[in-house]
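Contents: one structure, followed by commentary.
The values are calculated or read from the model by the stated rules, or taken from the named source; none is laboratory data. Owing to the predicted nature of the structure, the values given are computational and were not obtained by experimental measurement. FYI the Cβ positions are ideal-geometry reconstructions off the backbone, even for glycines, and counts take in every protein chain you see.
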Amino acid sequence: MSNKILNIADLQESASNSLPVSVRDFFNSGATNQVTLHDNYTAYGKYRLLPRVLKDVSKVNTSISLFGRDILFPLCASPAGLQVLAHPDGELATSRACAKTGVNMGVSSYTGNPVEQITEAGNEVGPINHVMQLYSMNDKAKQERIVRRAEAAGCKAIFLTADSPVLGVRWNEWRSGFKPPPGIGYPMYEKTSDEIQAQSHDDGFTSTNSDSHSWATEIPWLRSITKMEVWIKGVLTPEDVETAVEYGCDGVIISNHGGRQLDETPATIDALPACAKVARGRIRIHIDGGIRSGADIFKALALGAECCWVGRPVLWGLAHGGQQGVELMFKILYDDFKRCMQLTGCKSVSEIRPELLAIVNAHGPLARL
Ligand SMILES: Cc1cc2nc3c(=O)[nH]c(=O)nc-3n(C[C@H](O)[C@H](O)[C@H](O)COP(=O)(O)O)c2cc1C
Ligand SMILES: CCCCC(=O)C(=O)O
């Protein structure tokens, strides 16, 4: 194996070779037949880029503004749980790497490190904004404590994950009896290692999080207890974008949880255009799932997303080399995205438009969007 890491596939290979099989499978797998996991990557392949040539691209501005601050380029770290299984520094390393790179970080409520330490670790390195991911929980007082701790720690938004009233069908996790090794707790859930060890991963999730959640119970309540922005993570339809607008949410993340929840949902890049169409500037639209190259980021922006997020690439970066591995992951995608902008003739992110994409048509020439 070449030890040169030039792209995300190289990073995945390096990480996958270094992790115990049950952790590797927990990170890399999706639900049921892995259909959506696979579609998330491959659906990007149906689009082709239509460059405009002879443009002065000597000065390219890749930045966008998010939570009141410019970030280096339109990519941030999705909230993914249990990063301490990829590297002992876990979320602290991710936070430092995001700050060093100049992008934002989502903190999973299944973090192995408390949010206060995560935001502090990043802030010591440089400017960074964090968002706190949240599930609807049975114990509302505990859920409120997570929100209040996140706000006090400086988080800018809640990402309420809406696609997980129960966990997806995870055959690999059930076969391997996956759970974190002893010694790891969930500090946001106030769960000790002993409590975690006493249950299966699936039972732990189900007994803690709520399958009786609803827009009406969650959103006004969140609004009443926090000034942070409220975003919905896991939206795939224009109908749910419209509902998020009605409930006054600040943004939605078009996401199928990286193919880990309901299998056979559409690839997020396929769900995006209809969602962006109904948003009409009334709500912010971000996307995650299967983004592995600068061209993928470019395509998502051309189809209406304001910003992209990556989950597994962060975990692979961590497993490959801790903070430096995550920085390497972001550098690969930043360089790739910048070059993609230059080669398509875009000087700023606002110039990335649908006219620069075509769609592959199996029965004839490329179709313009
Ligand atoms: C190991 C792992 C753990 C995750 N944990 C959470 C979580 O705790 N909360 C959540 O909302 N999403 C979680 N996600 C989903 C990510 O936030 C994100 O939606 C997904 O990973 C994006 O797809 P990608 O991995 O293809 O980039 C997790 C994903 C992975 C791979
Ligand atoms: C560590 C629990 C993370 C739950 C989750 O959201 C996932 O596995 O996708």
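Observations, loosely collected:
- Look at segment 155-168: where a residue is among the acidic types (Asp, Glu) and a partner is within 12 Å of ligand 2 (Cβ to nearest atom) and part of a loop (DSSP other than H, G, I, E, B), sitting 6+ places away or on another chain with Cβ atoms under 6 Å, you get ASP163/GLN261.
- Filter result (away from ligand 2 (no atom under 16 Å from the Cβ) and of a type outside the set (A, V, I, L, M)) within segment 34-51: HIS38, ASP39, TYR41, THR42, TYR44, GLY45, LYS46, TYR47, ARG48, PRO51
- Within segment 229-255, being in a strand (DSSP E or B) and either polar (S, T, N, Q) or at negative phi (or both) holds for GLU229, VAL230, TRP231, ILE232, LYS233, VAL235, GLY251, VAL252, ILE253, ILE254.
- The residue pairs whose first member lies in segment 310-325 and is in contact (Cβ under 8 Å) with a residue 24 or more places away in the chain, whose second member is surrounded by 23 or more Cβ atoms within 10 Å (Cβ to Cβ) and of a type in the set (Lys, Arg), and whose beta carbons are closer than 6 Å, counting only pairs six or more residues apart or on different chains, are GLN323/ARG96.
- Verdict on ASP25 being acidic (Asp, Glu), over 16 Å from the mean Cα position of the chain (by Cα), surrounded by fewer than 20 Cβ atoms within 10 Å (Cβ to Cβ) and within 14 Å of ligand 1 (Cβ to nearest atom): yes
- Close pairs (8 angstrom Cβ cut-off, 6 or more residues apart or separate chains): farther than 19 Å from ASP240 by Cβ in segment 278-307, of a type in the set (Asp, Glu) and at pLDDT 95 or above anywhere: GLY290/ASP39; GLY290/ASP296; SER293/ASP336; GLY294/ASP335; GLY294/ASP336; ALA295/ASP336
- Among the residues of segment 164-189, those identified as within 11 Å of THR111 (Cα to Cα) and part of a loop (DSSP other than H, G, I, E, B) are ILE184, GLY185, PRO187, MET188, TYR189.
- Scanning segment 4-33 for residues that are within 14 Å of ligand 2 (Cβ to nearest atom) and among the polar types (S, T, N, Q), we see that the one that is farthest from ALA80 (Cα to Cα) is THR32.
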